[in-house]
1. Quick check on my link table: of Lys69/Lys141; Lys257/Lys317; Lys554/Lys838, which ones sit more than 22 Å apart, alpha carbon to alpha carbon?
2. Please give the contour-minus-distance gain from Cys47 to Ala268: 0.36 nm per residue of separation, less the Cα-Cα distance, rounded to one decimal in nm.
3. Taking θ as phi - 60°, what are the ³J(HN,Hα) couplings along the range 163-171 by the Karplus curve (6.51, -1.76, 1.60), each to the nearest whole Hz, with x for Gly and Pro?
4. Short version: ³J(HN,Hα) in whole Hz for each residue of the range 571-576, in order, from phi by Karplus 6.51 cos²θ - 1.76 cosθ + 1.60 (θ = phi - 60°), x for Gly and Pro, what are they?
5. If amide hydrogens are placed 1.01 Å from N in the peptide plane, which non-local residues have theirs closer than 5 Å to the one on Gly531?
6. Please list, in order, the residues from the range 160-191 whose amide nitrogen is less than 12 Å from a point placed 7 Å along the Cα→Cβ vector of Glu128.
7. Between the range 551-628 and the range 119-163, how many Å separate their Cα centres?
8. Go through 482-488, 824-830, 435-441, 268-274 and give me the packing order, highest mean Cβ count within 10 Å leading.
Amino acid sequence: GSSVGTGGPRWGPVLHRFSAAAPPACRKVHPVMSIKLRELIRSIRACKTAAEERQVITRECASIRTAFKEDSREDSQFRHRNVAKLLFIHMLGYPTHFGQMECLKLISSNKFPEKRVGYLGLTQLLDENTEVLMLVTNSIKNDLLNANQYVNGLALCGLGNIANQEMCQALAGEVEKLLVSTNPYVKKKAALCAMRMVVKVDELEDKFNGRVGALLEDRNHSVVLCGCSLLIAILTTYPEYVPDFRRYIATLTRMLKSLISPGYSSAAEYDVSGITDPFLQVGILKLLRLLGTGSVDASDDMNDILAQVATNTEGTKNAGNAILYECVQTIMAIEAESGLRVLGINILARFLMNKDNNIRYVALTTLQKVVRVDLKAVQRHRETIIGCLKADLDPSIRKRALDVAYALVNEDNVKNMTKELQNQLITADTDSFKGDLVTRICACVEKYAPNRRWQIDNLIRVMCLAGNHVSNEVRALFCHIVAGTPEFHSYAVHKLYFSLTNAGNQEALVHVGIWCIGEFGDLLVNGRAIGPDQQPIHVTPSQVLDLLHDLARKPQDGGGGPKTQEFIASALVKLSARFPGELERIKKMMRKFETSLSAELQQRACEYSKLMTSEWDHTRADVVDRMPTCEKPAGGARELGETSIDEVPSGVAANGPAPAGPQADLLDLDVDALLNSGGPAPQPAPAPVSGGTDLLDDVFGGGGGAAAAAPPAATSQAAAPVTDLLDGLFGGESPAPSPAAQQPGYPPITAFENATLRVVFTVAKGSTPGQTRVSATFSNLGGTPLTNFVFQAAVPKYLSLAMETASTSTLAPRAAVGGTQVINVTNSTNGERPIIMKLRIQYNQDRQPVVQDGQVSGFPAGL
């Protein structure tokens, strides 16, 4: 008939032949009968698109609905087939609620195949909140009383999966009777069903408490395992029963001992990878964990057997590893002896060296919990835990290892642990892991910092290594710490200034550095900071502005962009009051921001430019004054630590101490420009400070470079343009010098000359190889005296510099020789690389400070 087409044209002939061969009594049913389960699966797998699959499912569901409606007989021979197909359709995610009543009909059937499909459909198509579930209670009760053990098993499985409170209360008596059955098959399923009843209904545990002992002493392993599961459910739901069941510890330890002994009689029957019944061992260990928690006596009773399990179980197979894992969990949960805890932690350390990532992950997860129990024992395996942070491991392993490493940090080891975690920042290959690493390091620094100095140093180091991953909260915390610790204002701004010259592409470092320069720029240039060689650290306002100019020009992904420019604009308006000699240059830099595409930056730049006009001269300093010091710095009270600056880039030399007033930082020696120029460059054009050189070594304690100074009288406030900071100063390769050979009796070199001043060098070889003695003669060509005269020089790393005291600090007008100073230069390359020098000259003329820069590269070859 035409109704055969509901199964699809592909199945029409098959169903037609089946209909023709069937007896007359069935021919009325066959036209509405759908295809077999096997054919349905085959047709669904043959679908090439989701739409085609939905079409097949929809057609088959319509056919099944029709079959359910037209074939309402209780003994229908195709109902269980249709329900089986609905189970498969349900697995694919399609609605199958219309088949729920058919499951109940199958359960009430007397045929075991139909009853089996009915209970399977009951557990899959229904849940405990389904309203029709109450209709099946009587059928389940009848099956529990059935003489067939397999029918009992089906009823117990269905009840244990979907029973609600009403069903549990109604059928608890029948389940209790089956717990004392002599059939192990029924007894173990009754125990599992009792687990759900204990959890679902209060006060039902009294029915099963007295039956647990018999289950634990049964000879059948599966019954004992189910008894352990039932008792675990009771103790987990009702912890007050734990003392009552501790009397079974001896029974459990005796059974566990027999399982691990080599002469166990049933070992072959329960052998799994050379381990006797690992499932039962794991169940007993879990139960012992609950019974031993909080009791010293109970823990003493199980210490010996736990030690035997930990030492005798082979960990080369997964079964053994599972037992060892549960054993360690039990050891850490009970009141175990310290030696037993160490044994458990050593097992976890062995897990960390396993090649299986799953075992590593389990070990790390357990170690994270164990740290709270025995930190000292876990600390012994710190290197192994840190080793799990390697870039070649699974990301989940690395994140879990980071959690464990963070848990190991305390006041005693914070310095070492922070250093190791910072080393991982260098090798971290993914942004997500680097972000997690930065968060953990910053949390350690904030929580366990021994003093403010160490806290500031490490936050700066993190920002240098991974500043693009430092959160806004950490940046705000750093600024809060610095602002709230006046003793470190100068230290922090110097450290950040030198860090920015080396790592200016890290956003967090750029932002906090610019903020600190804006707040404490006057401390950066006053020349009072003393370096590790007990010589003053000299930075001029011009160099600071060069650095800000360079940062403003960086691309968006290199630390620049509108956000950075907004910081720079705010810093510039503050520096307008701190660097009055650079006001015009600051105005010029600010005008560039007035045409920015960022509306916020453009508006702020216009407001700041207005603030720098002459009408605000008397009030500007108060408006842009330093932010008030916090009464209580962030992170609570801590020791300050050493405030001296012990790490600065090398190559700085000065000929005088640093009184009040900005001094020049001669770290920006442009070696390549010097070598290519062939002569001195008395007044170089301004250029932005570029990022430099030995990465973080110079900033964080790296050595190298020559620095020497001889103090004359005083210096004065001034500003002048400086050149780029390049790699030559810090040991970069330099081109070979010009082969213009000089004979002994070298001609004088005019190192610097303008309308006011001339500096002439007279060169002679020193008494030791590689040493050169340079006599500098200063001549005042003007008509007014030059006071507070200071002469400074800087050289690259392969040169060392020692400057003797100048003959005078005042140059008389129009004097052929106003003053002299001797400079001793030592060349570590013995003449293979040339002597090159950067000069900085400061003096007062007509009570006005003047700063002049010069570069000298015309020294004879071979010195």
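Laboratory data are not the source of any read-out in this text; all were calculated from the coordinates shown. It should be emphasised that the depicted structure is a prediction, and the values quoted were computed from it without experimental measurement. Neighbour counts run over all protein chains shown; Cβ positions are idealised from the backbone, glycine included.
1. On the way: Lys69/Lys141 28 Å; Lys257/Lys317 20 Å; Lys554/Lys838 27 Å.
Pairs exceeding the cut-off: Lys69/Lys141; Lys554/Lys838.
2. Numbers: separation 221, 0.36 × 221 = 79.56 nm, distance 4.78 nm.
Fully extending the segment from Cys47 to Ala268 adds 74.8 nm.
3. The phi angles translate into 4, 9, 4, 4, 5, 4, 5, 6, 10 Hz.
4. 3J(HN,Hα) across the range 571-576, in whole Hz: 5, 5, 5, 6, 6, 4.
5. Ile537
6. Within reach of a label on Glu128: 160-169.
7. 78 Å
8. Working: 482-488: 19.4, 824-830: 16.6, 435-441: 21.4, 268-274: 12.3.
Ranked from most to least packed, the peptides come out as 435-441, 482-488, 824-830, 268-274.
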